[in-house]
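The values are calculated or read from the model by the stated rules, or taken from the named source; none is laboratory data. In this text, all values refer to a predicted model and were calculated from it rather than measured experimentally. As a convention, Cβ positions derive from the backbone with ideal geometry for all residues, glycine included, and neighbour counts pool all protein chains shown. Remember, those area values only see protein heavy atoms, side chains included, never the ligands or the DNA or RNA. Shrake-Rupley method; radii C 1.70, N 1.55, O 1.52, S 1.80 Å.
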Amino acid sequence: MTKLALFGAIHVDRRGKVISELSRFSEGADALFVEYPVDGLSFPTVGRALARAPVSALGMLLVTLLHMPGYALFNRDIFPAEVVAARKLHRERDIPLYPVDDHVISILGESSVLRTAVEWVVFLVILALDPVTTGATAGVVVGGWTALSLARRVHRLFWVVAVFPVLVGSYWLLSSQELLGWTLGYVALGAIFYTIFRTISHRNDVMVERIAERCEAEGYDRACLTTGRAHLAGLATAAEDRGVDVVASYVPSWLRKGDVVEGSVPARFGVRTVRGDLDTAGDVFGRRVVALFVDWGVLSVVTLVAGSSCAVLGRLVVGSDAALWAGFLVGAVLGWAAYWVGFEARSGQTVGKRVTGLVVVADDGASLSRRDAVVRTLLRPVDGIVGYVLGAVVAVLSDGGRRIGDHAAGTLVVRVEDE
């Protein structure tokens, strides 16, 4: 019976960290398998997908573009972190490496006649509502993806440099259009997420089937598959149905060490508790400043997407400019609040805090409650007076480096406890 180790990864993560984790986890494997399309991703494949499922294919290209800044900053390559790691180990260890996935783009290129008809009707209806801005949206998405794909063919580092000006230019072109043009983007994203949800089980079955066939043909006893975290539970189920023995699973944690689980991972794996070192309270001011700048960068995207979504909805439902701007304001505020409360209530760490190794905890070191997260967020506008000067002054003068929100919620910001 084939023994399979499942290495889960976050697609956007620190390159060196993922390489090191996979290197340790895959010790003893006869072959590496990777969640990557068997036939690669070529321009003709993308062209077929656009012809057979234009809305969903645009959504897939848009998702890819949204990933690229993270890939450039963390992976330093156009490929997901686990693919970069697997290829590096393949070269260093001379261990066989096999792609085993069916890419969503390839699946879209084989869409049924009925789906093709529905997709074209939807696309043409949106195009008829506003041909200029809808056409511009489609052109920018396809053009941006094509430009960056060609840049990667020149050189990996050239692609890393080209990512940001191409995406800034794409955003400028899109933002210069009326908001109705964004409708195509939101419909496309919805279509592709629906497609991913519907095809993930099929892809899990196909990957396990190909691994089993390859191991049987080549005589491999132990295999290691690198894949995105979302596939872990489904792959374990598919392996059981195929008679493949899952001996271990690696459950990743973004920017931090993950967990090795004996056997297969359960369908709902628990969230890890991030512990803080209380002795570092008051000694993290510099890190908090850096974390704040990182969070502002992420929030600029979150508020833009949330605000634009509500603006488009308001414009389509009510049909007035007042509804458009009111929708944008409401969406931006909700996105801003959801970011702080959601991340801090879940793990005590926003993106900025995770990058800088900080965590928010209660006075006694316990995990943050939802109430604490809400109180800290409600008082952020007060702390943020004059560019967070008021909050910074209070933190410098207070025991434990607490800003006003920390005093009200009874919380501390400390360094993550060494593992």
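See the values below:
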| read-out | value |
| --- | --- |
| Candidates Leu97, Leu58, filtered to the one that is buried (at least 16 other Cβ atoms within 10 Å of the Cβ), in contact with a His (Cβ under 8 Å, 6 or more places away or on another chain) and either hydrophobic (A, V, I, L, M, F, W, C) or at pLDDT below 90 (or both) | Leu97 |
| Residues located in segment 208-233, provided they are out of contact with any Gly (no Cβ under 8 Å at 6 or more places or on another chain), within 20 Å of Leu22 (Cβ to Cβ) and assigned to a helix (DSSP H, G or I) | Val208, Arg210, Ile211, Arg214, Cys215, Ala230, Ala233 |
| Only one of Asp364, Asp399 that is without any contact (Cβ under 8 Å) to a residue 40 or more places away in the chain and of a type in the set (Asp, Glu) | Asp364 |
| Which listed residue is open to solvent by 30 Å² or more (accessible area, probe 1.4 Å) and part of a helix (DSSP H, G or I), from Thr116, Thr183, Thr146 | Thr146 |
| Residues of segment 1-34 that turn out to be under 17 Å from Ala72 (Cβ atoms) and surrounded by 23 or more Cβ atoms within 10 Å (Cβ to Cβ), as a count | 2 |
| Within segment 35-52, considering residues that are among the hydrophobic types (A, V, I, L, M, F, W, C) and out of contact with any Leu (no Cβ under 8 Å at 6 or more places or on another chain), the one surrounded by the fewest Cβ atoms within 10 Å (Cβ to Cβ) | Phe43 |
| Residue that is crowded, with 16+ Cβ neighbours inside 10 Å and of a type in the set (Val, Ile, Thr), where the choices are Val386, Val382, Val375 | Val375 |
| Boolean, Val122 is among the hydrophobic types (A, V, I, L, M, F, W, C), open to solvent by 40 Å² or more (accessible area, probe 1.4 Å) and assigned to a helix (DSSP H, G or I) | yes |
| Inter-residue pairs, beta-carbon under 7 Å, first at pLDDT 85 or above and in segment 283-303, second of a type in the set (D, E, K, R), 6+ apart | Val284/Arg415; Ala291/Lys353 |
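Rundown of residues vs (1) more than 21 Å from Ala86 (Cα to Cα); (2) open to solvent by less than 10 Å² (accessible area, probe 1.4 Å), yes/no style:
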| position | (1), (2) |
| --- | --- |
| Val206 | no, no |
| Arg214 | no, no |
| Ala223 | no, yes |
| Leu235 | no, yes |
| Gly243 | yes, no |
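For every residue, the table says whether it meets (1) in contact (Cβ under 8 Å) with a residue 60 or more places away in the chain; (2) out of contact with any helix residue (DSSP H, G or I) (no Cβ under 6 Å at 6 or more places or on another chain).
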| residue | (1), (2) |
| --- | --- |
| Ala323 | no, no |
| Gly342 | no, yes |
| Gly352 | yes, no |
| Arg371 | no, yes |
| Val375 | no, no |
| Val389 | no, yes |
